[in-house]
1. Return the whole-Å distance between the Cα centroid of the range 129-181 and the Cα centroid of the range 1-64.
2. Against the empirical 2.2 N^0.38 Å scaling, what ratio does the C-alpha Rg of the range 103-153 come to?
3. Over the Cα atoms of the range 172-295, how large are the radius of gyration and the largest Cα-Cα distance (Dmax), in Å?
4. Would you mind counting up the charge near L166? Only other residues with Cβ under 11 Å from its Cβ, with Lys and Arg at +1 and Asp and Glu at -1.
5. Any chance you could list P(r) for the chain, counting all Cα-Cα pairs in 5 angstrom bins from zero, rounded to whole %?
6. Using θ = phi - 60° and the Karplus relation 6.51 cos²θ - 1.76 cosθ + 1.60, list the HN-Hα couplings for the range 182-197 in order, rounded to whole Hz, with x at every Gly or Pro.
7. At what distance in nm do the modelled label points of L107 and S50 sit from each other, each positioned 7 Å from its Cα along Cα→Cβ?
8. State the Kirkwood hydrodynamic radius of the range 107-230 in Å, one decimal place, computed from all pairs of distinct Cα atoms.
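Just so it is clear, none of the values below were taken in a lab; they were calculated from the coordinates. These numbers were taken from a predicted model, which means no experiment stands behind them. Neighbour counts run over all protein chains shown; Cβ positions are idealised from the backbone, glycine included.
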Amino acid sequence: MLRELKTFIAISHAGTFAAAGQQIGLTQSAVSAQMRALEDALGMKLFDRSGRAAALNANGTRVLPMAEEILTLFNRMAQPESLNDYRGEIKIGAIASVQTGILPAVLVNLRQQAPELETRLIPGVSFNLLTQVDAGNIDLAVVVKPGFALTKDLYAETLQQEPFVLIVPPDVAGSDVLSLIRDNPFIRYDRTSFGGRLVSQFLREQHLEPKLALEIDEIDAIERMVGLSLGVALVPLAGLWVDRPSGVRIVPLGDLTFYRELIVIMRHANRQAPLHKFITGALRRHARQNLQELV
């Protein structure tokens with residue numbers, strides 16, 4: 001019944017049999033067959049079916065936390081005591097600046113401690129990675145903290161706070177942040193991203209409406225565009241450009257400084273797993289080292 005319980009949990013997150021099937025690689029008919037088998041085994045209906053939706057009824061709502069607990073206990077039974085004995089695959093999600101920042105050193109540590117473990121790196125933006133962790137498609141991820149509350153099934157831990165700075169072409173003079181933004185073309189950090197929303201909030205608070213030259217989500221690409229004199233930009237002090245000779249001038253925001261918070265997220269059920277604890281500890285350690293180097 002373990003596979004039926006996994007499918008049942010997937011439906012509770014996805015909301016429909018079809019969506020759950022897409023997430024776990026089953027046809028809708030296979031999902032329906034598994035749920036019939038689960039309901040027959042338990043002797044009760046678990047869903048209020050209306051149209052395409054499959055909402056949990058009172059029985060389903062009561063059973064869900066127990067199903068999650070059963071799978072958690074089973075997964076703990078399968079976990080070896082030593083990291084060296086780990087086999088299989090772990091999927092780690094990361095935004096772009098983390099992939100080129102603190103994550104490589106963490107993956108080296110992981111390889112040394114669990115040489116038989118296959119690590120799969122899943123790139124993406126914060127919102128999509130959050131969704132995939134919540135759905136159980138990714139084991140853990142490093143993302144920007146969102147401006148909304150996480151679901152009760154997710155555990156998050158802060159790794160570091162990254163200050164935003166203004167970057168300008170080297171031939172642009174001046175140190176007044178607001179004047180530089182007001183008087184020059186502006187390259188905007190994608191306003192739909194969690195970090196980009198912080199930039200939007202800053203612009204509103206400072207009553208700025210800069211002349212937009214470009215909008216893009218990739219921090220290293222923004223730095224490159226600024227270096228080519230396309231405009232100025234507000235970006236977090238993070239990414240590959242921070243560790244290499246840069247073609248931009250950094251203007252600190254001083255008292256106006258705001259921050260992007262990096263978090264590691266996973267499902268609550270996995271937070272005590274030895275593998276997840278090791279990766280979280282390594283991320284935390286390298287984040288501290290990275291912060292000390294920046295300071």
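1. The two parts, judged by their Cα centres, are 35 Å apart.
2. Values: Rg = 12.9 Å, N = 51, 2.2 N^0.38 = 9.8 Å.
Relative to the 2.2 N^0.38 Å estimate, the range 103-153 comes out at 1.32.
3. 17.0, 53
4. Values: positive: R249; negative: D176.
Summing Lys and Arg as +1 and Asp and Glu as -1 gives 0.
5. 1, 5, 11, 14, 14, 12, 11, 9, 8, 7, 5, 3, 1, 0, 0
6. Per residue, the Karplus-derived 3J(HN,Hα) values read 5, 9, 10, x, 10, 9, 9, 5, 2, 6, 7, 7, 4, x, x, 5 Hz.
7. 4.6 nm
8. On the way: mean 1/r = 0.0580 Å⁻¹.
Kirkwood hydrodynamic radius for the range 107-230: 17.2 Å.
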